[in-house]
Amino acid sequence: MKRVFMYLKPYRWKMVQGLSIKIIGTFADLGLPWILAYILNEIIPLGKISKIILWGVVMLILAVMARNFNIMANRMAAKVAKDTVQQIRHDLFKKINTLSGSQTDTFTIPSLISRLTSDSYNIHQMIGMMQRLGVRAPMILFGGVILTFFLEPVLTLVLIAVIPILTAVVFIISKKGIPLYGRVQKSVDSMIQVLRENISGIRVVKALSKTEYEKRRFAQKNEEVVKTDFRAGSVMAVSTPCMNLLLNVGLTLVIVVGAYRVNSGAAEPGTITAFLSYFTMILNAVLALNRIFVVFSKASASAQRIDQVLSAPEDLKVISLKEEEKKQTVMPFVEFKNVSFGYSMSKEFLTLKEISFQIEKGSGLGIIGATGSGKSTIINLLMRFYDVTQGTILIDGCDIRSIPLQQLRSKFGVAFQNDTIFMDSIQENISFGRELEKKQIISAAKDACADNFILEKEGGYAYRAAIRGADFSGGQKQRLLIARALAGNPQILILDDSSSALDYKTDASVRQAIMKHYPEATILLIAQRISSVMHMKQILVLEDGKMIGLGTHEELLKTCDVYKEIYDSQIGIDQKGEENGSQSRKSSEEGTNSCF
C-alpha cells in the first residue's frame, strides 16, 4: 500500500481541500442533534414560536450545508481516485511492456491482465471510499462520543464500553481476511487464462465440437473463483453481524438506562432524544468503517500484486563495454557465439545448445528444423526478449546487451506466423504507429504482394480490419504482416514462418521483391518449407536445440542427413512437390543472386 500512497502525493493539496470541505459538512451533521436537544429542552418549554422557527431555520441551514459540502467533497474524491488510478494503470502498462520474456512467463499474461484491470479497480474503490468515508466516519464516531459525553455522561459510558470490543473484532477478522483476497485474485488469474485461451481458439473449439468440454473447463475455474470469494466474503461478513449485535446491545442498554434516568428526573427527554440520534449516527459510522475495512482488505491484496510488477527488477539491463571491446572491428553484422539458452533455470533443460553462426550485412540466413527445435528461440534471443544463458550475441560487433532496448529493436522488422492484425485501418496496421508516409506503406504492401487485395476492399487502405483480422484469409494476413515488417526499411528483417499460408508463386514473388528492393537488409528466414530457405546463402539446420548443419543448400544435401531427408520428403520424392519446387526455384532465379 506504500506505493499507492506515493501515487497520491501529487494530489495531496486537492485531498486536503476536499477533506476540509468534508470536515465542515460533518461538523454540520454533528450539530443537528445538539440543536434538536436544545429546542426540546429549552425553547419549547418557553412556548415562543418565533424562537422555535429561528432554530428550525438554523437546523435547515446546517442540513443544506452538510448535504452540499459532502457532495462537493465526494466529487473531488472521485476525481482524485480517477486520476491516481489512471496513473497507476499507465505505469503498470508501461512496466509490463518492459518485462523480459522470463518475467512475463513468471507472472503469466492472465495475471498481468487481472492486475491491470480488477486489481487497479480495487485500488480505485479504496481511494474513493477512504476520502468519502475515511474522514467522515471517524469524525462522526469520535465527535459523536465527545458530544454525547457532554449531553449525558452516564449513557456515554455504555457506548464507550462497546467500542474496544468492536475494535478487537475488526482486528481479528482483518488478520484472516486480507490473505484470502490474495487467493481470490489468483483464482481470477486462472479463470482469465482459461477464458483467454477459449476466446482465442473459439474456431477450433467449434470445429472440433468441444463447446461442452470448454464449458465444463470454464465452469470448474469459475467455481474455484466462487469458492475462494465465498470463503473470503464469509470471513469478512462476520464483522457486520458482530458489530450490529454489539451496537444493538449497546442501544438497548442506552434506552433502558435512559428511560430510567428520565423517570428519575436525572435526564431530560430532549437530551435522550438527541443521544439516540447521535447513537444512530455513530452506528452508521461504525458500519461505514466496516465497509472501509472490507474495501481496504481487498485493495491491500491488490496493491501487493501491483507492487510486485512495478517493483520487478530490470531483467534486461544494458551492460557497459570496456574501451578495448568498443574499438574492436568485427566483420559479421549478426553473430551468435556459442549461445546456449533454457527457459527454465536448470542447465539440464536447455532449448538451445552452443549455437554459433555469422551473417554478413545484406546477406541472410535460413533456419529450418522440426517443431520445438529452437528456431523461434533464436529470434527471441536476437531481439532480446530473453537473455542468453551462455555465450554472446553480437550485432555490428556490439554485444546486444550493451545496446539500449529501444535502439536495438528499432533495427528490426519482424513478421511472425501468428502475429496480430488489429481492429484498425489497413494503413495503420502496416504503419503501426511509426508515422510512415503513405508511399512507404503502399510500396511495402506491393513488395508483400498485398496491394491487389487491399485495393479490392471497400476504402482500400482505409478499410478497417475486424478484430484479429478475422475478415482476411490466412495468406492475406501473412502478407499484411510482411508489409508491416518491410515498411520501416529495417536493418534486420526477420520472417518467422511468415509464408506458411502463401502459395509457391506468391512466396517466390515476395522473396524476389525483398531481394530487389531491400538489398542492404540482413535477413533471418525461418520456415518449415524447404523451398523458402533453399536459395539463402546460408542455411542453419536445428534438431533438439542443436546445430546439426550450416551451409548452402548444395553443401547440406551432401553433409546433413536431416536436411536431405526434409528435402526428399518435400521436393525430391513427391513429384508434385518437385514441380512446385522447380517453379519456385525458377521464379526466384529470375532475380539477382543475393541472399536468396
Measuring from the longest principal axis of the C-alpha atoms of the chain, the long axis of helix 575-589 (C-alpha) lies at a number of degrees, nearest 10, equal to 90 degrees
The FRET efficiency for residue 215 and residue 71, from their Cβ-Cβ distance with R0 = 45 Å and rounded to 0.05, is 0.45
Karplus ³J(HN,Hα) for region 149-156 (6.51 cos²θ - 1.76 cosθ + 1.60, θ = phi - 60°; Hz, whole; x = Gly/Pro) runs 5, 6, 6, 8, x, 5, 5, 5
With every protein chain kept in place and a 1.4 Å probe, the residues 507, 568, 105 fall, from largest accessible area down, as 105, 568, 507
For region 10-25, Karplus-derived ³J(HN,Hα) couplings (6.51, -1.76, 1.60; θ = phi - 60°; whole Hz; x for glycine and proline) come out as x, 10, 5, 6, 5, 5, 4, 4, x, 5, 4, 5, 5, 4, 4, x
If each part is reduced to its alpha-carbon centroid, region 130-146 and region 485-562 end up apart, in Å, by 71 Å
Longest principal axis of the chain (C-alpha) makes with the long axis of helix 49-98 (C-alpha) an angle, in degrees to the nearest 10, of 20 degrees
Summed over the other residues with a beta carbon less than 12 angstrom from that of residue 235, with K and R at +1 and D and E at -1, the charge totals +3
For the chain, the dipole about the Cα centre with charges only on Cβ (Lys and Arg +1, Asp and Glu -1), to the nearest 20 debye, works out at 2340 debye
So, with points 7 Å from each Cα along the Cβ direction, the residue 90-residue 105 label distance in nm works out to 3.3 nm
Projected onto the charge dipole of the chain (unit charges on the beta-carbon of Lys, Arg, Asp and Glu, signs +1, +1, -1, -1), the Cα from 499, 263, 449 with the largest positive-side position is that of 263
Here the relative contact order (percent) of region 381-467, from C-alpha pairs under 8 Å and at least 6 apart, is 28 percent
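Using a probe radius of 1.4 Å on heavy atoms only, what accessible surface per residue do you get for region 96-232? Whole Å² is fine. Write out the running numbers ahead of the final one.
Numbers: 7550 Å² over 137 residues.
Accessible surface, normalised per residue, equals 55 Å².
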Everything considered on the Cα gyration tensor (a ≥ b ≥ c; rounded for a/c under 1.5, else prolate if a/b is larger than b/c, else oblate), region 434-516 must be described as oblate
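Beyond a 18 Å Cα-Cα separation, which of these cross-linked pairs lie in this structure: 9/82; 14/82; 186/210; 337/564; 446/516?
Working: 9/82 14 Å; 14/82 13 Å; 186/210 26 Å; 337/564 26 Å; 446/516 13 Å.
From 9/82; 14/82; 186/210; 337/564; 446/516, over 18 Å: 186/210; 337/564.
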Amide H proximity to residue 549 below 5 Å, modelled H, separation 5+ or other chain, gives 541
As a percent rounded to 5, the proportion of antiparallel DSSP bridges among beta bridges in the chain is 45 percent
With a 1.4 angstrom probe the carbon and sulfur portion of accessible area for the chain, in percent, totals 58 percent
A correct Karplus calculation of ³J(HN,Hα) over region 375-388, with 6.51 cos²θ - 1.76 cosθ + 1.60, θ = phi - 60°, whole Hz and x for Gly and Pro, returns 4, 5, 4, 4, 5, 4, 6, 4, 8, 6, 6, 10, 9, 5
With the charge dipole of the chain built from beta-carbon charges (+1 for Lys and Arg, -1 for Asp and Glu) about the Cα centre, the Cα from 313, 39, 211 projecting farthest to the positive end belongs to 39
Square roots of five times the C-alpha gyration tensor eigenvalues of the chain, ordered largest first and given in whole Å, equal 72, 24, 23
For the chain, averaging the sequence separation of alpha carbon pairs under 8 Å that lie six or more residues apart and dividing by its residue count, the contact order in percent is 13 percent
Simple spin-label estimate for residue 343/residue 154, 7 Å along Cα→Cβ, in nm, reads 7.7 nm
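Could you sort 402, 114 by their accessible area in this structure, using a 1.4 Å probe and putting the largest first?
Working: 402 25, 114 0 Å².
My answer, sorted largest first, is 402, 114.
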Sorted by chain and number, the residues with a modelled amide H under 5 Å from that of residue 364, at a separation of 5 or more or across chains, are 523, 537, 538
Output ordering of 230-236, 264-270 (per-residue mean of other Cβ within 10 Å, highest first) is 230-236, 264-270
In degrees, nearest 10, the alpha-carbon axis of helix 504-517 is tilted away from the dominant principal axis of the alpha carbons of the chain by 90 degrees
Whole-Å distance linking the alpha carbon centroid of region 380-456 with that of region 279-297 is 54 Å
Relative contact order as a percentage, region 329-436, C-alpha pairs under 8 Å and 6+ apart, gives 29 percent
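The values are calculated or read from the model by the stated rules, or taken from the named source; none is laboratory data. What you see is a predicted model, and the numbers here were worked out from it, not measured in a lab. Here the Cβ is made from the backbone with ideal geometry for all residues, glycine too, and neighbour counts use every protein chain on show. Heads up: the accessible areas ignore ligands, DNA and RNA and are worked out on the full protein's heavy atoms, side chains in. Shrake-Rupley method; radii C 1.70, N 1.55, O 1.52, S 1.80 Å.
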